[in-house]
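Here the structure is laid out as C-alpha cells; the discussion comes afterwards.
What follows is calculated from the coordinates using simple rules that are stated; it is not laboratory data. As the structure is a prediction and not an experimental result, all values here were calculated from the model. Neighbour counts are summed over all protein chains in view; Cβ atoms, including those assigned to glycine, are modelled from backbone coordinates with ideal geometry.
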Amino acid sequence: MILATKNKHKLREMRELLPGVELEPLPAEVELPPEHGDTFAEIALDKARTAHRATGKASLADDSGIEAAGLGGRPGIHSARYGGPDASDEENLAKLLREVAAAGEERGARYVCALALVEEDGAEHLFEGRCEGHLIEEARGRGGFGYDPAFVPDETGPEDTRTMSELSQAEKNEISHRGHAARQLADYLGVPAAPGRR
C-alpha cells in the first residue's frame, strides 16, 4: 500500500501504528495536489486518489491537524502552514500559542486525523480519530513533531501533565488521533495494529 505523504515523520509513525500493513513511500515523481478541501476528510481523500491514479496501487492518505477551542477551531486544516507557506514546526507552534494567549482563558484543543483509503479497485473508505486535550503556555519535550510540545492529552489522566512530546512513542501511539484512526483502518483490513485505548 502507498502512503501518500512526503512527510518522513508520518511515514515512520504510520508504519509503527500499522505493523500488519506494508506501507511504501509515495514515489518521488508523484506530486500531491494543493490542499483545497474544506475538511480533513476531503483533503485526505484527494491525496489518496492522486496516489492511486499515479501508481495503480491501494493508497492511504492522512490529513490531520489541531483545533484550538479559543480560536474557533483554528488552525484546523491549515495546521501545517499556519505560520506561512514555508513556516517551520516551531514557527507554527509559536503563532498558535500567541493567538491562544491573546484570545483569553480557553486553552482546550484537540487533534483530528482523517485517514482515507482508496483500494486497488477504487473503493474508498474514511476513518477519523480524535485526541482531546489542552495547550500549555510554553513548549516542553523533545519527541513528536508539529504542535506536540505544547499539547497535553486528556487520555493520560488528570494527574499526568506531560505533553505529547514528553510521552514515549508507544504511549503516543496508544492515544493519538492518528493511532485511533489507524486502529479503525486495521480493524477494517483485518490486520494487526499497534496497541491502543478504545
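Considering only beta bridges that DSSP places wholly inside the chain, some 85 percent are antiparallel.
Remark: 132, 166 ranked as 132, 166, counting other beta-carbon atoms within 10 Å and listing the fewest first.
Of 161, 55, how do they rank once you tally other Cβ atoms within 10 Å and put the fewest first?
Least crowded to most crowded, the residues run 161, 55.
From helices alone, the chain scores -9500 deg cm²/dmol at 222 nm; the rule is -39500 (n - 2.57) for each run of n ≥ 4 DSSP H residues, then divide by the residue total.
Cross-link reach is defined here as a Cα-Cα straight distance under 30 Å, omitting same-chain residues fewer than 8 places apart; for residue 57 the lysines meeting it are 6, 8, 10, 47, 172. Taking the longest Cα principal axis of the chain as reference, the axis of helix 40-55 is set at about 30 degrees.
Under 17 Å from a label point set 7 Å out along the Cα-to-Cβ vector of residue 168, the amide N atoms of the range 115-148 belong to 142-144. Based on alpha-carbon centroids, what's the gap between the range 83-106 and the range 1-62 in Å, whole number please? Centre-to-centre (Cα) distance: 26 Å. Summarising the amide proton neighbourhood of residue 5: residues at separation of 5 or more, or on other chains, whose placed amide H is nearer than 5 Å comprise 26.
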